[in-house]
Amino acid sequence: MTDGTVYSGPHWHRYATSDTDEAHDFVRRAFLDIKVRSSGEGRDGAGLRAVTTTLADVGVTRLHYSARTQVQTAPDGDLNITHLMGGRFTVARAKDEYRLRSGDVMLILPDHAEDLAYDDVDTFVARLPRALLEKVAHAETGISGADLCFDSSRPISTALGRHWTQTVSHLTRSVLSDPALMANPLIAGNARHLLAATVLAVFPNTAHAAVLRAVGDVTPRAIRRAVAYVDDNADQPLTVDQIATVAGVRPRALQLAFRRHHDTTPMQYVRRVRLERAHRDLQAADPATGVTVTMIASRWGFTHLGRFSTDYRAAYGSSPSHTLRT
């Protein structure tokens with residue numbers, strides 16, 4: 001079930017049981033409460049094997065469960081997104097039934113009970129707290145947390161479903177494989193924000209149709225406050241919501257103002273500042289002391305070294321390694 005090159009290290013915790021009741025308890029602890037309607041064990045009993053880790057308040061689990069089981073969910077508002085890699089899985093609510101095939105993804109609705117049926121499943125599940133989704137939805141669209149609602153377990157399109165699996169695969173291999181990166185607040189914050197924004201884009205929800213409030217006028221002084229805040233706190237996790245609060249404007253208004261006055265978005269400006277700080281560190285570093293490009297890039301929240309190198313070369317005309325050596 002597990003690829004040692006991906007799920008290795010002490011930060012990945014393993015669990016296995018053949019006892020049906022213990023398997024159901026694991027599901028309740030790891031994901032959400034369930035009411036079991038039926039459960040048919042195989043020759044190895046429940047046959048549950050799992051490996052799991054956490055990125056701050058986000059949980060990720062690779063799970064194989066061989067028992068044929070039917071349950072009803074008792075949602076608690078948090079979101080569980082499942083990528084089915086093998087077996088049979090069906091989710092139903094009223095007359096809407098979604099039969100997953102290998103490679104499909106689904107959202108267990110966070111605010112509505114659903115009927116789940118699964119048999120010999122191999123899945124990858126990400127659990128995101130409701131508070132994180134509300135925060136990102138508000139920053140991206142202006143919708144209030146109380147108004148955020150998901151109404152379908154199906155992705156909006158097959159392409160968007162693939163986008164979810166590709167995003168999770170990238171984060172699993174580039175961030176969740178290294179405890180040091182997971183502990184970096186910039187990297188963890190960016191990864192959590194990316195997962196939440198991807199959920200909002202992939203699954204139907206009220207944020208898509210949110211009517212944004214009037215943006216009003218953003219004064220040059222407010223923009224200067226936002227820029228100064230980013231400049232002073234580029235080494236800390238930053239969100240559009242935080243920057244807008246400091247500037248005294250709404251997140252959407254700030255985004256439009258940055259496009260109008262700086263031809264960029266607030267978060268792109270954050271990335272630009274961090275790239276500049278990484279450039280300074282590379283210039284000042286002595287490679288003889290063991291400092292590497294990876295260390296400096298990670299310090300400033302860049303986990304994808306290929307993209308970092310491309311952006312760096314476009315900005316400064318040379319590679320990060322060349323700057324470090326000279």
Please determine, by comparing only the residues of region 43-55 that are at pLDDT below 95 and open to solvent by 40 Å² or more (accessible area, probe 1.4 Å), which one is farthest from Gly9 (Cα to Cα). Arg43
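Conditions (1) buried (at least 16 other Cβ atoms within 10 Å of the Cβ); (2) small (Gly, Ala, Ser); (3) in contact with a helix residue (DSSP H, G or I) (Cβ under 7 Å, 6 or more places away or on another chain), marked per residue:
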site	(1), (2), (3)
Ser8	no, yes, no
Thr17	yes, no, yes
Ala23	yes, yes, no
Arg29	no, no, no
Ser66	yes, yes, no
Val91	yes, no, no
Ala113	no, yes, no
Asp119	yes, no, no
What are the residues in region 295-313 that are modelled with pLDDT of 90 or more and either within 30 Å of Arg252 (Cα to Cα) or open to solvent by 70 Å² or more (accessible area, probe 1.4 Å) (or both), if any? Met295, Ala297, Ser298, Arg299, Trp300, Gly301, Phe302, Phe308, Thr310, Asp311, Tyr312, Arg313
Does region 195-203 include one or more residues that are among the aromatic types (Phe, Trp, Tyr), outside any loop (DSSP other than H, G, I, E, B) and either open to solvent by less than 50 Å² (accessible area, probe 1.4 Å) or more than 19 Å from Met295 (Cα to Cα) (or both)? no
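Please count how many residues of region 132-150 are of a type in the set (A, V, I, L, M, F, W, C), without any contact (Cβ under 8 Å) to a residue 60 or more places away in the chain and either closer than 26 Å to Val36 by Cα or open to solvent by 40 Å² or more (accessible area, probe 1.4 Å) (or both). Step through it out loud before you land on a result.
From region 132-150, those of a type in the set (A, V, I, L, M, F, W, C) are 132-133, 136-137, 139, 143, 146, 148-150; that's our starting set.
Next, from what is left, pick out any that are without any contact (Cβ under 8 Å) to a residue 60 or more places away in the chain: 146, 148-149.
Imposing the further condition that a residue be either closer than 26 Å to Val36 by Cα or open to solvent by 40 Å² or more (accessible area, probe 1.4 Å) (or both) reduces the set to 146, 149.
Number of matching residues: 2.
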Any residue in region 51-64 that is in contact with a His (Cβ under 6 Å, 6 or more places away or on another chain), under 19 Å from Arg28 (Cβ atoms) and β-branched (Val, Ile, Thr)? yes
Scanning for something in a loop (DSSP other than H, G, I, E, B) and on the phi > 0 side of the Ramachandran plot, does region 141-153 turn up at least one residue? yes
Scan of region 199-219 for residues that are closer than 27 Å to Gly248 by Cβ, of a type in the set (A, V, I, L, M) and at pLDDT 80 or above, ordered by number: Leu200, Ala207, Val218
Just one of the numbered conditions (1) small (Gly, Ala, Ser); (2) more than 15 Å from the chain's Cα centre (by Cα); (3) open to solvent by 20 Å² or more (accessible area, probe 1.4 Å) is not true of Ser153; which one? (3)
Assigned to a strand (DSSP E or B) and open to solvent by less than 40 Å² (accessible area, probe 1.4 Å), is that true of Gly77? no
Can you pull out the residues in region 295-308 that are outside any loop (DSSP other than H, G, I, E, B) and either out of contact with any Phe, Trp or Tyr (no Cβ under 9 Å at 6 or more places or on another chain) or in contact (Cβ under 8 Å) with a residue 60 or more places away in the chain (or both)? Met295, Ser298, Arg299, Leu305, Gly306, Arg307
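The values are calculated or read from the model by the stated rules, or taken from the named source; none is laboratory data. Computed from a predicted model, the values in this text were never measured in an experiment. Cβ: placed from backbone, ideal geometry, glycine included. Neighbour counts: every protein chain shown. Accessible surface is based on the protein model in full, side chains and every heavy atom, while ligands, DNA and RNA are left aside. Shrake-Rupley method; radii C 1.70, N 1.55, O 1.52, S 1.80 Å.
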